[in-house]
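Single-structure report; data block below.
The values are calculated or read from the model by the stated rules, or taken from the named source; none is laboratory data. This is a predicted model, so every value here is computed, not measured. Every residue, glycine among them, receives a Cβ derived from its backbone with ideal geometry; neighbour counts consider all protein chains shown. For the accessible areas, the whole protein counts, side chains as well, though only heavy atoms, and no ligand, DNA or RNA atoms are used. Shrake-Rupley method; radii C 1.70, N 1.55, O 1.52, S 1.80 Å.
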Amino acid sequence: MSRFFNAAYKDLIPYTPGEQPKEGEYIKLNTNESPFAPPEDVTEAAKNARTLNLYSDPLCADLISKIAEIYDVENDCVIVNNGSDESLLFAFEAFGGESGAAFADLTYGFYTVFADFTHTPYVEIPLKDDFTIDPDDYTGLGKTIFIANPNAPTGLVLPLSEIEKIVKSNPDNIVVVDEAYVDFGGESAIPLTKKYDNVLVTRTFSKSRSMAGARLGFAIGNRELIRDLNTIRFSTNPYNVDSMTLAAGLAMLNHEDITKKNCREIAETREYTKKRLEEMGFSVTDSRTNFVFAVHPELEGEEFYKELKERKILVRHFGNERICQYNRITVGTREQMDRFLEVTKEILLEKQK
Ligand SMILES: *Cc1c(COP(=O)(O)O)cnc(C)c1O
(Lines give C-alpha, C1' and ligand atoms only; values in the text may rest on other atoms or scores of the structure.)
Protein backbone atom coordinates (compact mmCIF):
# COMPACT_ATOMS: atom_id res chain seq x y z
CA MET A 1 0.00 0.00 0.00
CA SER A 2 1.35 3.41 -0.88
CA ARG A 3 1.18 6.20 1.65
CA PHE A 4 -1.31 7.91 -0.65
CA PHE A 5 -3.96 5.18 -0.56
CA ASN A 6 -7.37 6.36 0.66
CA ALA A 7 -7.61 5.43 4.34
CA ALA A 8 -11.23 4.38 3.76
CA TYR A 9 -9.97 1.34 1.86
CA LYS A 10 -6.92 0.40 3.87
CA ASP A 11 -8.50 -2.72 5.40
CA LEU A 12 -10.22 -3.86 2.21
CA ILE A 13 -9.58 -7.50 1.31
CA PRO A 14 -10.25 -7.81 -2.45
CA TYR A 15 -12.06 -10.74 -4.05
CA THR A 16 -9.83 -13.56 -5.28
CA PRO A 17 -10.96 -14.72 -8.74
CA GLY A 18 -10.46 -18.35 -9.73
CA GLU A 19 -7.24 -19.11 -11.57
CA GLN A 20 -7.23 -18.35 -15.32
CA PRO A 21 -4.26 -20.24 -16.76
CA LYS A 22 -3.26 -20.06 -20.41
CA GLU A 23 -5.58 -21.88 -22.76
CA GLY A 24 -5.00 -25.59 -23.15
CA GLU A 25 -2.77 -25.97 -20.13
CA TYR A 26 -5.51 -27.35 -17.89
CA ILE A 27 -8.99 -28.80 -18.00
CA LYS A 28 -10.69 -25.81 -16.38
CA LEU A 29 -13.43 -26.83 -13.99
CA ASN A 30 -12.86 -24.01 -11.50
CA THR A 31 -14.83 -20.91 -12.50
CA ASN A 32 -18.21 -22.18 -13.74
CA GLU A 33 -17.78 -20.94 -17.28
CA SER A 34 -19.64 -22.64 -20.12
CA PRO A 35 -17.60 -25.29 -21.96
CA PHE A 36 -19.45 -24.32 -25.16
CA ALA A 37 -18.24 -21.43 -27.29
CA PRO A 38 -21.01 -19.05 -28.39
CA PRO A 39 -22.35 -19.54 -31.96
CA GLU A 40 -20.13 -18.05 -34.64
CA ASP A 41 -22.48 -15.18 -35.52
CA VAL A 42 -22.17 -13.93 -31.92
CA THR A 43 -18.43 -13.50 -32.32
CA GLU A 44 -19.07 -12.02 -35.80
CA ALA A 45 -21.51 -9.50 -34.31
CA ALA A 46 -18.83 -8.36 -31.87
CA LYS A 47 -16.38 -7.98 -34.76
CA ASN A 48 -18.83 -5.91 -36.79
CA ALA A 49 -19.95 -3.78 -33.86
CA ARG A 50 -20.34 -0.03 -34.13
CA THR A 51 -17.10 1.63 -35.10
CA LEU A 52 -14.87 1.77 -32.10
CA ASN A 53 -14.10 5.48 -32.46
CA LEU A 54 -17.65 6.11 -31.21
CA TYR A 55 -18.92 5.56 -27.69
CA SER A 56 -21.22 2.64 -27.01
CA ASP A 57 -24.95 3.30 -26.51
CA PRO A 58 -25.28 4.48 -22.90
CA LEU A 59 -28.96 3.43 -22.94
CA CYS A 60 -28.16 -0.08 -24.24
CA ALA A 61 -31.56 0.29 -25.92
CA ASP A 62 -31.54 -2.63 -28.38
CA LEU A 63 -30.26 -5.17 -25.88
CA ILE A 64 -32.64 -3.98 -23.18
CA SER A 65 -35.64 -4.27 -25.54
CA LYS A 66 -34.70 -7.83 -26.38
CA ILE A 67 -34.22 -8.80 -22.73
CA ALA A 68 -37.56 -7.17 -21.84
CA GLU A 69 -39.26 -9.14 -24.62
CA ILE A 70 -37.77 -12.46 -23.53
CA TYR A 71 -38.63 -11.99 -19.86
CA ASP A 72 -41.97 -10.27 -20.49
CA VAL A 73 -41.23 -7.08 -18.54
CA GLU A 74 -41.23 -3.38 -19.49
CA ASN A 75 -38.01 -1.89 -20.94
CA ASP A 76 -37.57 0.49 -18.00
CA CYS A 77 -37.57 -2.46 -15.59
CA VAL A 78 -34.24 -3.68 -17.03
CA ILE A 79 -30.65 -2.46 -16.61
CA VAL A 80 -27.63 -3.87 -18.42
CA ASN A 81 -24.21 -3.90 -16.77
CA ASN A 82 -20.61 -5.02 -17.06
CA GLY A 83 -21.22 -8.50 -15.69
CA SER A 84 -23.63 -9.22 -12.88
CA ASP A 85 -20.79 -8.39 -10.51
CA GLU A 86 -21.35 -4.77 -11.48
CA SER A 87 -25.12 -5.06 -10.96
CA LEU A 88 -24.39 -6.40 -7.48
CA LEU A 89 -21.93 -3.59 -6.76
CA PHE A 90 -24.52 -1.03 -7.90
CA ALA A 91 -27.11 -2.71 -5.67
CA PHE A 92 -24.77 -2.45 -2.68
CA GLU A 93 -24.13 1.20 -3.51
CA ALA A 94 -27.80 2.02 -4.07
CA PHE A 95 -29.41 -0.05 -1.34
CA GLY A 96 -26.59 -0.70 1.14
CA GLY A 97 -25.25 1.81 3.57
CA GLU A 98 -26.16 2.32 7.19
CA SER A 99 -29.11 -0.04 7.57
CA GLY A 100 -26.87 -2.86 6.46
CA ALA A 101 -27.06 -6.05 4.46
CA ALA A 102 -27.67 -9.72 5.21
CA PHE A 103 -26.66 -12.86 3.36
CA ALA A 104 -25.72 -16.47 4.02
CA ASP A 105 -22.39 -17.39 5.62
CA LEU A 106 -21.69 -19.69 2.68
CA THR A 107 -22.50 -17.92 -0.54
CA TYR A 108 -20.95 -15.88 -3.33
CA GLY A 109 -17.64 -14.51 -2.03
CA PHE A 110 -18.09 -11.08 -3.56
CA TYR A 111 -20.92 -10.04 -1.20
CA THR A 112 -18.59 -9.42 1.75
CA VAL A 113 -16.14 -7.54 -0.49
CA PHE A 114 -18.86 -5.27 -1.92
CA ALA A 115 -20.29 -4.71 1.57
CA ASP A 116 -16.88 -3.63 2.89
CA PHE A 117 -16.17 -1.54 -0.20
CA THR A 118 -19.47 0.34 0.13
CA HIS A 119 -19.16 0.62 3.92
CA THR A 120 -22.27 -1.47 4.39
CA PRO A 121 -22.33 -3.34 7.71
CA TYR A 122 -23.50 -6.92 7.21
CA VAL A 123 -24.61 -10.04 9.01
CA GLU A 124 -23.80 -13.47 7.70
CA ILE A 125 -26.65 -15.85 8.42
CA PRO A 126 -25.43 -19.45 8.87
CA LEU A 127 -26.87 -22.03 6.52
CA LYS A 128 -28.26 -25.10 8.24
CA ASP A 129 -25.98 -28.16 8.65
CA ASP A 130 -27.27 -29.55 5.36
CA PHE A 131 -26.38 -26.19 3.68
CA THR A 132 -30.01 -25.23 3.13
CA ILE A 133 -31.33 -21.76 3.96
CA ASP A 134 -33.82 -21.47 6.80
CA PRO A 135 -36.25 -18.86 5.42
CA ASP A 136 -37.37 -18.02 8.97
CA ASP A 137 -33.92 -16.53 9.53
CA TYR A 138 -34.76 -13.89 6.93
CA THR A 139 -38.18 -12.70 8.04
CA GLY A 140 -38.46 -9.04 9.00
CA LEU A 141 -34.70 -8.48 9.01
CA GLY A 142 -34.66 -4.72 8.36
CA LYS A 143 -31.65 -5.08 6.06
CA THR A 144 -30.98 -5.39 2.36
CA ILE A 145 -30.97 -9.13 1.69
CA PHE A 146 -28.80 -10.87 -0.90
CA ILE A 147 -29.70 -14.45 -1.81
CA ALA A 148 -27.92 -16.40 -4.51
CA ASN A 149 -30.55 -18.80 -5.83
CA PRO A 150 -29.41 -21.43 -6.68
CA ASN A 151 -26.69 -20.80 -4.12
CA ALA A 152 -22.96 -21.07 -4.75
CA PRO A 153 -20.89 -23.01 -3.88
CA THR A 154 -23.54 -25.40 -2.52
CA GLY A 155 -25.68 -25.53 -5.69
CA LEU A 156 -28.88 -25.76 -3.64
CA VAL A 157 -32.17 -24.13 -4.59
CA LEU A 158 -34.59 -22.26 -2.35
CA PRO A 159 -38.15 -22.70 -3.70
CA LEU A 160 -39.72 -19.58 -5.19
CA SER A 161 -42.53 -19.73 -2.61
CA GLU A 162 -39.90 -19.28 0.13
CA ILE A 163 -38.30 -16.36 -1.72
CA GLU A 164 -41.74 -14.78 -1.93
CA LYS A 165 -42.27 -15.19 1.83
CA ILE A 166 -38.96 -13.44 2.49
CA VAL A 167 -39.90 -10.63 0.09
CA LYS A 168 -43.32 -10.22 1.74
CA SER A 169 -41.93 -10.16 5.26
CA ASN A 170 -39.41 -7.42 4.41
CA PRO A 171 -41.62 -4.86 2.66
CA ASP A 172 -39.33 -1.95 3.57
CA ASN A 173 -36.13 -3.58 2.38
CA ILE A 174 -34.80 -4.80 -0.94
CA VAL A 175 -34.32 -8.50 -1.55
CA VAL A 176 -31.71 -9.09 -4.25
CA VAL A 177 -32.00 -12.51 -5.85
CA ASP A 178 -28.77 -13.40 -7.63
CA GLU A 179 -29.82 -15.85 -10.35
CA ALA A 180 -26.45 -16.51 -11.97
CA TYR A 181 -27.29 -20.22 -12.15
CA VAL A 182 -31.07 -20.27 -12.46
CA ASP A 183 -31.05 -21.45 -16.11
CA PHE A 184 -29.58 -24.80 -15.03
CA GLY A 185 -32.55 -25.77 -12.88
CA GLY A 186 -34.04 -23.09 -10.64
CA GLU A 187 -37.28 -21.15 -10.76
CA SER A 188 -36.80 -17.46 -11.50
CA ALA A 189 -38.08 -14.71 -9.22
CA ILE A 190 -38.54 -12.34 -12.21
CA PRO A 191 -42.38 -12.67 -12.04
CA LEU A 192 -42.19 -11.38 -8.43
CA THR A 193 -40.70 -8.11 -9.68
CA LYS A 194 -44.13 -7.22 -11.13
CA LYS A 195 -45.92 -7.94 -7.87
CA TYR A 196 -43.53 -6.42 -5.34
CA ASP A 197 -41.53 -3.21 -5.46
CA ASN A 198 -38.70 -4.61 -3.31
CA VAL A 199 -37.32 -7.49 -5.42
CA LEU A 200 -34.33 -7.13 -7.68
CA VAL A 201 -33.19 -10.08 -9.79
CA THR A 202 -29.64 -10.15 -11.17
CA ARG A 203 -28.69 -12.32 -14.13
CA THR A 204 -25.55 -12.97 -16.13
CA PHE A 205 -24.47 -13.98 -19.63
CA SER A 206 -21.38 -15.62 -18.10
CA LYS A 207 -22.69 -19.07 -17.23
CA SER A 208 -25.64 -20.31 -19.30
CA ARG A 209 -25.00 -17.97 -22.25
CA SER A 210 -21.32 -18.74 -22.90
CA MET A 211 -20.12 -15.13 -22.65
CA ALA A 212 -18.04 -14.88 -19.44
CA GLY A 213 -15.24 -13.13 -21.30
CA ALA A 214 -17.54 -10.43 -22.70
CA ARG A 215 -18.64 -9.29 -19.21
CA LEU A 216 -22.38 -8.86 -19.54
CA GLY A 217 -25.14 -9.00 -16.96
CA PHE A 218 -28.56 -7.52 -16.42
CA ALA A 219 -30.95 -6.86 -13.58
CA ILE A 220 -34.74 -6.77 -13.54
CA GLY A 221 -36.90 -5.05 -10.96
CA ASN A 222 -39.48 -2.37 -10.33
CA ARG A 223 -38.76 0.70 -12.51
CA GLU A 224 -37.97 2.85 -9.46
CA LEU A 225 -35.26 0.40 -8.40
CA ILE A 226 -33.85 0.34 -11.92
CA ARG A 227 -33.84 4.14 -11.93
CA ASP A 228 -31.81 4.12 -8.67
CA LEU A 229 -29.32 1.70 -10.20
CA ASN A 230 -29.05 3.95 -13.25
CA THR A 231 -28.32 6.91 -10.99
CA ILE A 232 -25.33 4.98 -9.67
CA ARG A 233 -24.41 3.83 -13.17
CA PHE A 234 -24.52 7.31 -14.71
CA SER A 235 -22.52 8.63 -11.75
CA THR A 236 -19.71 6.17 -12.32
CA ASN A 237 -19.51 4.81 -15.87
CA PRO A 238 -22.39 5.38 -18.34
CA TYR A 239 -20.51 3.43 -21.03
CA ASN A 240 -20.02 0.42 -18.78
CA VAL A 241 -20.99 -2.02 -21.55
CA ASP A 242 -18.90 -1.68 -24.69
CA SER A 243 -20.21 -1.82 -28.28
CA MET A 244 -18.74 -5.24 -28.99
CA THR A 245 -20.38 -6.78 -25.96
CA LEU A 246 -23.73 -5.11 -26.69
CA ALA A 247 -23.70 -6.54 -30.22
CA ALA A 248 -22.62 -9.99 -29.08
CA GLY A 249 -25.23 -10.06 -26.32
CA LEU A 250 -28.01 -9.17 -28.73
CA ALA A 251 -26.87 -11.87 -31.17
CA MET A 252 -26.72 -14.42 -28.34
CA LEU A 253 -30.34 -13.68 -27.42
CA ASN A 254 -31.36 -14.77 -30.93
CA HIS A 255 -30.17 -18.25 -29.94
CA GLU A 256 -32.38 -19.06 -26.98
CA ASP A 257 -32.82 -22.58 -28.40
CA ILE A 258 -29.06 -23.15 -28.22
CA THR A 259 -28.90 -21.73 -24.68
CA LYS A 260 -31.69 -24.09 -23.59
CA LYS A 261 -30.04 -27.08 -25.26
CA ASN A 262 -26.67 -26.28 -23.65
CA CYS A 263 -28.31 -25.98 -20.23
CA ARG A 264 -30.08 -29.32 -20.67
CA GLU A 265 -26.82 -30.96 -21.67
CA ILE A 266 -24.99 -29.49 -18.66
CA ALA A 267 -27.77 -30.66 -16.33
CA GLU A 268 -27.54 -34.19 -17.75
CA THR A 269 -23.75 -34.25 -17.46
CA ARG A 270 -24.07 -32.90 -13.90
CA GLU A 271 -26.36 -35.77 -12.88
CA TYR A 272 -24.04 -38.28 -14.57
CA THR A 273 -21.01 -36.83 -12.77
CA LYS A 274 -22.85 -36.83 -9.44
CA LYS A 275 -23.82 -40.49 -9.83
CA ARG A 276 -20.29 -41.57 -10.74
CA LEU A 277 -18.81 -39.60 -7.83
CA GLU A 278 -21.29 -41.18 -5.41
CA GLU A 279 -20.25 -44.61 -6.68
CA MET A 280 -16.70 -43.70 -5.63
CA GLY A 281 -17.82 -42.76 -2.11
CA PHE A 282 -18.30 -39.01 -2.48
CA SER A 283 -21.23 -37.12 -1.00
CA VAL A 284 -22.54 -34.64 -3.54
CA THR A 285 -25.13 -31.94 -2.88
CA ASP A 286 -28.34 -31.79 -4.94
CA SER A 287 -26.98 -29.09 -7.23
CA ARG A 288 -29.23 -27.29 -9.71
CA THR A 289 -26.33 -25.38 -11.24
CA ASN A 290 -23.45 -26.01 -13.65
CA PHE A 291 -21.20 -27.31 -10.88
CA VAL A 292 -21.14 -30.12 -8.32
CA PHE A 293 -20.06 -29.68 -4.72
CA ALA A 294 -18.47 -32.84 -3.41
CA VAL A 295 -16.73 -34.28 -0.35
CA HIS A 296 -15.08 -37.65 0.23
CA PRO A 297 -14.61 -39.20 3.70
CA GLU A 298 -11.06 -40.40 2.94
CA LEU A 299 -9.77 -37.56 0.85
CA GLU A 300 -8.87 -34.15 2.29
CA GLY A 301 -10.46 -31.36 0.28
CA GLU A 302 -7.25 -29.47 -0.28
CA GLU A 303 -5.29 -32.61 -1.09
CA PHE A 304 -7.85 -33.59 -3.75
CA TYR A 305 -7.59 -30.10 -5.25
CA LYS A 306 -3.79 -30.33 -5.38
CA GLU A 307 -3.71 -33.88 -6.76
CA LEU A 308 -6.09 -32.84 -9.54
CA LYS A 309 -4.02 -29.77 -10.31
CA GLU A 310 -0.86 -31.87 -10.61
CA ARG A 311 -2.75 -33.89 -13.21
CA LYS A 312 -3.76 -30.71 -15.06
CA ILE A 313 -7.33 -30.44 -13.84
CA LEU A 314 -8.40 -27.26 -12.04
CA VAL A 315 -11.31 -27.23 -9.59
CA ARG A 316 -12.22 -24.66 -6.93
CA HIS A 317 -11.30 -25.25 -3.28
CA PHE A 318 -12.33 -22.83 -0.53
CA GLY A 319 -10.43 -22.34 2.73
CA ASN A 320 -13.57 -21.60 4.78
CA GLU A 321 -13.66 -24.01 7.74
CA ARG A 322 -17.19 -25.26 7.10
CA ILE A 323 -16.49 -26.34 3.55
CA CYS A 324 -12.73 -26.90 3.38
CA GLN A 325 -13.22 -30.66 2.85
CA TYR A 326 -15.30 -29.94 -0.25
CA ASN A 327 -14.43 -29.03 -3.79
CA ARG A 328 -16.59 -27.18 -6.29
CA ILE A 329 -16.27 -28.78 -9.71
CA THR A 330 -17.66 -27.03 -12.79
CA VAL A 331 -19.60 -29.29 -15.13
CA GLY A 332 -17.77 -29.27 -18.45
CA THR A 333 -18.31 -31.41 -21.53
CA ARG A 334 -18.95 -35.11 -21.11
CA GLU A 335 -15.38 -35.80 -22.30
CA GLN A 336 -13.91 -33.38 -19.74
CA MET A 337 -15.95 -34.96 -16.97
CA ASP A 338 -14.94 -38.49 -18.00
CA ARG A 339 -11.30 -37.41 -17.78
CA PHE A 340 -11.95 -35.81 -14.37
CA LEU A 341 -13.68 -38.98 -13.12
CA GLU A 342 -10.89 -41.21 -14.42
CA VAL A 343 -8.24 -39.07 -12.70
CA THR A 344 -10.30 -38.99 -9.51
CA LYS A 345 -10.44 -42.79 -9.50
CA GLU A 346 -6.65 -42.90 -9.90
CA ILE A 347 -6.17 -40.53 -6.97
CA LEU A 348 -8.44 -42.62 -4.76
CA LEU A 349 -6.70 -45.89 -5.75
CA GLU A 350 -3.30 -44.40 -5.00
CA LYS A 351 -4.49 -43.33 -1.56
CA GLN A 352 -5.66 -46.84 -0.77
CA LYS A 353 -2.26 -48.39 -1.55
C1 LIG B 1 -20.52 -15.99 -11.56
C2 LIG B 1 -21.39 -15.33 -10.55
C3 LIG B 1 -21.63 -13.96 -10.60
C4 LIG B 1 -20.87 -13.05 -11.52
O5 LIG B 1 -21.28 -13.07 -12.79
P6 LIG B 1 -20.60 -12.09 -13.86
O7 LIG B 1 -21.75 -11.72 -14.71
O8 LIG B 1 -19.57 -12.88 -14.56
O9 LIG B 1 -20.03 -10.90 -13.15
C10 LIG B 1 -22.52 -13.42 -9.69
N11 LIG B 1 -23.10 -14.18 -8.74
C12 LIG B 1 -22.86 -15.49 -8.64
C13 LIG B 1 -23.52 -16.28 -7.58
C14 LIG B 1 -21.98 -16.10 -9.54
O15 LIG B 1 -21.68 -17.39 -9.41
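Quick rundown of the values:
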{"read-out": "Binned Cα-Cα distances of region 61-213, short to long, each 5 Å bin given as a whole percent", "value": "2, 9, 19, 24, 23, 15, 7, 2, 0, 0"}
{"read-out": "Antiparallel bridges, percent of DSSP beta bridges restricted to the chain (to nearest 5)", "value": "50 percent"}
{"read-out": "Nitroxide proxy distance, nm - points 7 Å out along Cα→Cβ at ILE70 and GLN352", "value": "4.5 nm"}
{"read-out": "Ratio of the Cα radius of gyration of region 122-198 to 2.2 N^0.38 Å, where N counts its residues", "value": "1.03"}
{"read-out": "Surface share of carbon and sulfur [accessible, 1.4 angstrom probe, percent] for the chain", "value": "50 percent"}
{"read-out": "Zero-based 10 Å bins, Cα pair distances in region 234-312, whole percents", "value": "15, 27, 23, 22, 12, 1"}
{"read-out": "With Cα atoms, 0 to 90° folded angle of helix 223-236 axis to the chain main axis", "value": "90 degrees"}
{"read-out": "Value of relative contact order over region 3-156, rounded to a whole percent, pairs C-alpha under 8 Å and six or more apart", "value": "20 percent"}
{"read-out": "Cα Rg, Dmax (largest Cα-Cα span) when computed across region 125-279, Å", "value": "17.1, 54"}
{"read-out": "Top of SER84, SER56, SER161 by mean-square fluctuation, Gaussian network on the chain, Cα under 10 Å", "value": "SER161"}
{"read-out": "Per residue accessible area in Å² of region 167-254, where ligands, DNA and RNA are left out and the probe is 1.4 Å", "value": "35 Å²"}
{"read-out": "Region 220-276: equivalent-ellipsoid semi-axes (sqrt of 5 x gyration tensor eigenvalues, Cα, Å)", "value": "34, 17, 11"}
{"read-out": "FRET efficiency estimate (nearest 0.05) - Cβ-Cβ, LEU160 to SER283, R0 35 angstrom", "value": "0.85"}
{"read-out": "Coarse-grained scattering of region 168-251 at q = 0.14 Å⁻¹, given as base-10 log I(q)/I(0) from a Debye sum over alpha-carbon atoms", "value": "-0.56"}
{"read-out": "Square roots of 5 times each gyration tensor eigenvalue, C-alpha, the chain, largest first, Å", "value": "32, 25, 20"}
{"read-out": "Reachable lysines from LYS261, criterion Cα separation under 27 angstrom, eight or more residues apart if same chain", "value": "LYS28, LYS47, LYS66, LYS207, LYS274, LYS275"}
{"read-out": "Angle in degrees between helix 61-71 and the longest Cα principal axis of the chain, rounded to the nearest 10", "value": "60 degrees"}
{"read-out": "Bins of 5 Å from zero: percent of alpha-carbon pairs in region 186-235", "value": "5, 20, 21, 21, 19, 13, 2"}
{"read-out": "Cβ-defined net charge surrounding ASN327, 13 Å radius [Lys, Arg +1; Asp, Glu -1]", "value": "0"}
{"read-out": "Shape metrics for region 10-70, restricted to C-alpha atoms - Rg then Dmax, Å", "value": "17.5, 45"}
{"read-out": "Whole-Å semi-axes of region 268-353's equivalent ellipsoid (Cα gyration tensor)", "value": "17, 15, 12"}
